[in-house]
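See structure below.
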Amino acid sequence: MDISGEKVDKGVVVSVTGRMDAVTSPDFEKEMDRWIEDGEILFVVDLKSLDYISSSGLRSILSIAKKLKARKGKILLASLKNVVKEVFEISGFSTIIPLYESLDTAMSDL
Amino acid sequence: MEELNLPADLKSLKRFTDFIEEQTRTFGLKVTRIMEISLALEEALVNIFVHAYPEGEGWVQVRCGPRGDDRLVIEIRDGGIPFNSIVRPDPDTTEGIDERTEGGLGIFLMKKMIPVIEYRRENDMNVLTFLITKEQAEDEKE
């Protein structure tokens, strides 16, 4: 899994590529925590190149979402595809984390 | 049946995943189905890594092979404490963000990805079996 973040004027855009599984999900949390410790609270996560997510990934995202909610922040997810989208829907996470078809539509809601 | 035996540790996950993805590719499944099976396997394995051996270290064996022309069998064995993951209750997927907790999500996803799944306890081992059917109309363009 590769993760990179970029500060833009509305908030932070984080791109995650590869797979979020039990081994790599903690790295996602660490990266997000770094931005949050810097005071950032508005995030769009671009998942167009995320091929796979397991329950570990969902747990990490939930943990970050709860943290941000407590700080009156937001995390929006963009461009979920295939199995990733399926996992979000089956788990019910699609109703608790805002999902967007594209980075642009997510950014306009930030 | 091909098999892979490794320590019941998160470090083993990638090798098990690579193994099953190779087997399912050879069997001729679509990429999305391969990802679903890989996910189910991860959930089963992580459950074993975390819970099966409270005293310390242990082992996991994954076996994979065809059954007839159109089915693939995946067996996951461990020598840990008796545990039937299939009968675990499902999490409430309608809960809001404040109520959602982590419990049961992995096993729930595993069961959703693998409609035909069995558990048995045999010779002091937990044996979890996934039965995968090759879809009738394979779309070659993925």
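The values are calculated or read from the model by the stated rules, or taken from the named source; none is laboratory data. A quick note: this is a predicted structure, and the numbers were derived from the prediction, not measured. Cβ atoms come from the backbone with ideal geometry, glycine included; neighbour counts cover every protein chain shown.
Results, tabulated for the structure shown:
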| read-out | value |
| --- | --- |
| Condition check for B:Gln61: away from chain A (no Cβ under 14 Å), within 14 Å of the chain's Cα centre (by Cα) and closer than 21 Å to B:Arg121 by Cβ | yes |
| Extreme residue, farthest from the other protein chains (Cβ to nearest Cβ), among residues of the range B:76-105 that are buried (at least 17 other Cβ atoms within 10 Å of the Cβ) and modelled with pLDDT of 95 or more | B:Arg77 |
| In the range A:80-89, the residues that are facing chain B (nearest Cβ under 10 Å) and surrounded by 20 or more Cβ atoms within 10 Å (Cβ to Cβ) | A:Val83, A:Val84, A:Glu86, A:Val87 |
| Residue list for the range A:2-29, restricted to those being charged (D, E, K, R), touching a strand residue (DSSP E or B) at 6+ places or on another chain (Cβ under 9 Å) and surrounded by fewer than 17 Cβ atoms within 10 Å (Cβ to Cβ) | A:Asp2, A:Glu6, A:Lys7, A:Lys10, A:Asp27 |
| Considering residues of the range B:1-46 that are of a type in the set (Asp, Glu) and under 20 Å from A:Pro26 (Cα atoms) only, the residue surrounded by the fewest Cβ atoms within 10 Å (Cβ to Cβ) | B:Asp9 |
| Residue match in the range B:42-51 (condition: more than 14 Å from chain A (Cβ to nearest Cβ) and among the small types (Gly, Ala, Ser)) | no |
| Scan of the range B:106-117 for residues that are within 14 Å of chain A (Cβ to nearest Cβ) and of a type in the set (Val, Ile, Thr), ordered by number | B:Ile107, B:Ile114 |
| Strands (runs of 3 or more DSSP E) within the range A:30-79 that include 2 or more residues away from chain B (no Cβ under 14 Å) | A:42-46 |
| Index of the failed condition, A:Ala22 passing every other in (1) part of a helix (DSSP H, G or I); (2) closer than 21 Å to B:Leu10 by Cα | (1) |
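Conditions (1) acidic (Asp, Glu); (2) more than 24 Å from B:Gly103 (Cα to Cα); (3) touching a Phe, Trp or Tyr at 6+ places or on another chain (Cβ under 8 Å); (4) at pLDDT below 95, marked per residue:
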site: A:Lys48; (1), (2), (3), (4): no, yes, no, no
site: A:Tyr52; (1), (2), (3), (4): no, no, no, no
site: A:Ile61; (1), (2), (3), (4): no, no, yes, no
site: A:Lys81; (1), (2), (3), (4): no, yes, no, yes
site: A:Glu86; (1), (2), (3), (4): yes, no, no, no
site: A:Glu89; (1), (2), (3), (4): yes, no, no, no
site: A:Ile97; (1), (2), (3), (4): no, no, yes, no
site: A:Ser102; (1), (2), (3), (4): no, yes, no, no
site: A:Ala106; (1), (2), (3), (4): no, yes, yes, no
